[in-house]
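Reviewing the structure listed below.
The values are calculated or read from the model by the stated rules, or taken from the named source; none is laboratory data. Worth saying up front: this structure is predicted, and the values here are computed from it rather than measured. Heads up: the accessible areas ignore ligands, DNA and RNA and are worked out on the full protein's heavy atoms, side chains in. Shrake-Rupley method; radii C 1.70, N 1.55, O 1.52, S 1.80 Å.
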Amino acid sequence: MFSQDHPMGALDGTIHYPRHALLSLCRKILLDYFNKAIDEIDDEDPDWDLVGFAMVLRQKIDQKAFIRDWCWGELEYTMKKIKASNDEKTSEEYLLNPRETSQPLTMKGAVKLRKELRRPLQGNNKWKKEDAFHDFLLFLFESHDHGNLFRVG
């Protein structure tokens, strides 16, 4: 029950959602965005913030791929460490509770790039499910308060 003396919104429900599909899409669009940022380093005036923000997000959402691509020296040790932890759960926790203030712009840029890169399909309904995932990702990353609405069980 809601009253003026107590904040509304206790985390007492259960929501089921396509976690694997959402994480897979998020990882894909972040990889594309990160690669675009890396490609732009060759420009005369690269956006180092873009590279850094995309790298941090990719590290949090896709730890295994990030370590595989960037941590060559201690790869075997680090992969064992990640395997021992629950990578999917860690990624999901970060996805549902993003922390850095730069991430809304990074996620908006990644979603925008994904929509530019994907090929048009016949009929407008073909991309509706992916667009719904994009909307949910943007919602989560828009505000820290949005991420605090969810908790990984």
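With the full set of protein chains in place, find how many percent of the accessible area of the range 103-153 is carbon and sulfur; take the probe as 1.4 Å.
That fraction is 52 percent.
State the extension gain, in nm to one decimal, for the chain segment bounded by Val152 and Lys129, taking 0.36 nm per residue of separation less the distance between their alpha-carbons.
6.0 nm
Stretched out fully, how many nm does the piece from Ile38 to Leu138 gain, at 0.36 nm a residue minus the Cα gap?
Answer, rounded to one decimal: 33.7 nm.
Just the accessible area for Lys129, please: 1.4 Å probe, Å², rounded to the nearest 10?
Only protein atoms counted, so the area is about 140 Å².
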